[in-house]
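**Q** Just passing along the structure, written as structure tokens.
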Amino acid sequence: MKVDIENISGTERKMSVVLPLEQVQETRTKVFDEIRKSAKIKGFRPGKAPVNVIESAYKNDILSEVATRLVHNSLENALNEVDASPISRPHIDPPKEFTTDKDFEYTATFEVLPELELAEYKGLELKKEVGEVSDHDVEHALKHLQEHRSEVKPYEDDKAIEKGDIAVIDFEGSLNGDPIEDLKRQDVPFVVGEEKMIPEFEKNVQGMKKGEEKELDVTYGEDFQIEEAAGKTVNFKVTVKDVQQRILPELTDELAKEIGVDDLKSLKDKVKEDLGSQLDQQSQTKLRADLLDVLVEKNPVDAPPSLVHEEALRLAQGIQQGMQQRGMPERELDEEAQRMVAERAVRNVKASIVLGAISRAEDVKVSEEDINENLAGIAQNYNISVDQVRDIYQENKLLEGLEANLAEQKVIDFIIENAKIEEVQSTQNHVDNKD
């Protein structure tokens with residue numbers, strides 16, 4: 001066997017393989033003998049037809065099977081001979097005119113991880129944003145706590161909607177009288193004044209009463225996700241189905257005890273501690289993201305297209321799932337979203353390649369204990385057993401991906417431990433005060 005390899009790009013290789021005539025004829029003999037035993041030729045019992053008759057009837061089948069076996073039986077050895085490790089399924093180009101009376105030649109094109117000469121990754125200078133939990137943050141969180149434990153009751157009289165009320169509405173958008181299915185909803189509740197709905201809805205429902213209808217126009221920007229309405233003025237018909245009042249519990253020691261702490265002061269202390277932990281987690285997340293950007297910048301590397309494609313699909317799927325969880329209709333991403341996904345996919349793949357190189361350089365290992373600990377955390381979140389989680393991961397072949405992810409996190413931890421980190425005051429409060 002003769003093997004040559006050509007670098008088409010930083011991530012693509014083309015391997016040429018030549019198999020000697022002797023191997024071709026040996027394979028042909030085996031294939032022919034197998035076909036002959038089961039060949040069905042009219043007028044002959046199985047295995048008794050003359051050689052020339054079988055060769056004539058099964059010529060194409062014989063050639064196809066011989067070519068398949070020659071590639072299958074030689075590909076792995078050929079890759080080993082040139083020390084190549086494909087990350088994508090090789091694309092095989094067989095000879096255009098194949099006969100079994102000469103050497104067999106084929107090419108295999110595939111992607112590989114790019115070669116990388118690592119830049120220095122120890123002692124990196126990084127900045128970590130830190131913030132403080134303010135009294136306003138605590139008050140805001142307590143307000144949300146009250147809202148989550150509030151009691152909702154319909155008004156007894158014919159109440160006009162005002163700020164603080166819960167309006168339950170139906171709405172339907174249309175263009176030139178034609179309904180837009182994605183802009184039609186029923187029984188949508190929202191607190192007037194919290195700006196959770198578009199401003200036109202917030203403004204127009206105030207003063208309306210249960211059973212009333214109103215029409216209003218909403219003009220959407222060119223980047224609006226629903227293509228039918230993007231850049232257009234949509235006419236909405238809004239119907240108030242109900243008007244409800246929200247009764248908030250008072251912030252007292254009794255409320256604190258219901259939540260599970262001793263008194264109101266303890267509740268405020270706990271809220272402040274939880275918000276502090278949230279701030280620290282967000283700070284750590286940003287630090288790790290900034291670190292990956294630094295590594296990618298310091299280590300220019302090509303991103304294999306197949307890996308970028310897979311990562312882009314994963315990111316897009318995550319966006320779609322997030323939209324579904326927020327109750328938004330499933331739709332294709334617009335051009336801007338697709339551009340952002342494509343850029344993020346390239347960055348993520350490049351970062352993963354660099355982290356992998358550092359992992360090999362530092363001989364980072366993921367232990368069985370690491371995997372078990374992670375599976376236990378997943379099991380706790382979903383309230384199922386660790387064995388169930390492991391079975392799911394094994395059935396869906398996810399353990400290898402989990403191990404790779406844990407290895408990357410270990411590498412990031414290692415780099416941060418060896419970095420020079422300067423704490424800087426955050427220019428904005430990152431505490432998430434949303435519901």
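**Q** Could you count how many residues in the stretch 57-81 are over 14 Å from ARG28 (Cα atoms) and surrounded by 11 or more Cβ atoms within 10 Å (Cβ to Cβ)?
**A** 8
So that you can scan it fast, the table gives a plain yes or no per residue for (1) touching a helix residue (DSSP H, G or I) at 6+ places or on another chain (Cβ under 7 Å); (2) among the polar types (S, T, N, Q); (3) in contact (Cβ under 8 Å) with a residue 40 or more places away in the chain:
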| site | (1), (2), (3) |
| --- | --- |
| GLY260 | no, no, no |
| GLY276 | no, no, yes |
| GLU310 | no, no, no |
| ALA316 | yes, no, no |
| GLN321 | no, yes, no |
| ILE353 | no, no, yes |
| SER359 | yes, yes, yes |
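For (1) more than 30 Å from ASP269 (Cβ to Cβ); (2) modelled with pLDDT of 95 or more; (3) β-branched (Val, Ile, Thr); (4) out of contact with any helix residue (DSSP H, G or I) (no Cβ under 7 Å at 6 or more places or on another chain), each residue gets a yes or a no:
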residue	(1), (2), (3), (4)
LEU75	yes, yes, no, yes
HIS91	yes, yes, no, yes
LYS102	yes, no, no, no
PHE110	yes, yes, no, yes
SER134	no, no, no, yes
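**Q** Can you name the residue in the stretch 89-134 that is of a type in the set (A, V, I, L, M) and part of a loop (DSSP other than H, G, I, E, B) and is also nearest to LYS272 (Cα to Cα) among such residues? Steps first, please.
**A** Step one: list which residues in the stretch 89-134 are of a type in the set (A, V, I, L, M), which gives 92, 108, 112-113, 116, 118-119, 124, 126, 130, 133.
Then keep just the ones that are part of a loop (DSSP other than H, G, I, E, B); that gives 112-113, 116, 118-119, 124, 133.
Values: VAL112: 50, LEU113: 47, LEU116: 46, LEU118: 43, ALA119: 41, LEU124: 32, VAL133: 7 Å.
Filtering the stretch 89-134 for residues that are of a type in the set (A, V, I, L, M) and part of a loop (DSSP other than H, G, I, E, B), the one nearest to LYS272 (Cα to Cα) comes out as VAL133.
**Q** Okay, moving on. Taking the criterion of being farther than 29 Å from LYS350 by Cα, of a type outside the set (D, E, K, R) and modelled with pLDDT of 90 or more, would at least one residue in the stretch 38-58 satisfy it?
**A** Looking through the stretch 38-58, none of the residues is farther than 29 Å from LYS350 by Cα, of a type outside the set (D, E, K, R) and modelled with pLDDT of 90 or more.
**Q** Please verify whether the stretch 82-103 includes one or more residues that are surrounded by fewer than 18 Cβ atoms within 10 Å (Cβ to Cβ) and touching a His at 6+ places or on another chain (Cβ under 9 Å).
**A** no
**Q** Here is a further query. Could you pull out the residue among ILE226, ILE180 that is under 34 Å from the mean Cα position of the chain (by Cα), β-branched (Val, Ile, Thr) and part of a loop (DSSP other than H, G, I, E, B)?
**A** ILE226
**Q** Given the conditions (1) within 28 Å of ARG331 (Cβ to Cβ); (2) crowded, with 18+ Cβ neighbours inside 10 Å, and given that THR239 satisfies all but one, which numbered condition is not satisfied?
**A** (2)
**Q** In the stretch 296-332, how many residues are in a loop (DSSP other than H, G, I, E, B), out of contact with any Lys or Arg (no Cβ under 7 Å at 6 or more places or on another chain) and at pLDDT 80 or above? Even if it seems obvious, please write down each step before you answer.
**A** Our first condition is that a residue be in a loop (DSSP other than H, G, I, E, B); within the stretch 296-332, this holds for 299-304, 326-332.
Pick out the ones that are also out of contact with any Lys or Arg (no Cβ under 7 Å at 6 or more places or on another chain) and you get 299-300, 302, 304, 326-332.
When the remaining residues are screened for being at pLDDT 80 or above, the result is 299-300, 302, 304.
Within the stretch 296-332, residues that are in a loop (DSSP other than H, G, I, E, B), out of contact with any Lys or Arg (no Cβ under 7 Å at 6 or more places or on another chain) and at pLDDT 80 or above number 4.
**Q** Then there's this: Could you check VAL168 against (1) part of a loop (DSSP other than H, G, I, E, B); (2) in contact with a Pro (Cβ under 6 Å, 6 or more places away or on another chain) and say which number it fails?
**A** All conditions are met except number (1).
One line per residue, one yes/no per condition, for (1) under 18 Å from the mean Cα position of the chain (by Cα); (2) surrounded by 13 or more Cβ atoms within 10 Å (Cβ to Cβ); (3) not assigned by TED's automatic domain parsing to the domain that holds MET197:
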{"residue": "LEU279", "(1), (2), (3)": "no, yes, yes"}
{"residue": "LEU287", "(1), (2), (3)": "no, yes, yes"}
{"residue": "SER306", "(1), (2), (3)": "yes, yes, yes"}
{"residue": "LEU313", "(1), (2), (3)": "yes, no, yes"}
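**Q** Can you find, within the stretch 189-201, the residue that is nearest to GLN324 (Cα to Cα) among those that are crowded, with 16+ Cβ neighbours inside 10 Å and in contact (Cβ under 8 Å) with a residue 12 or more places away in the chain?
**A** That would be PHE190.
The values are calculated or read from the model by the stated rules, or taken from the named source; none is laboratory data. Because the structure is predicted, anything quoted here is derived from the model rather than measured. Neighbour counts are summed over all protein chains in view; Cβ atoms, including those assigned to glycine, are modelled from backbone coordinates with ideal geometry.
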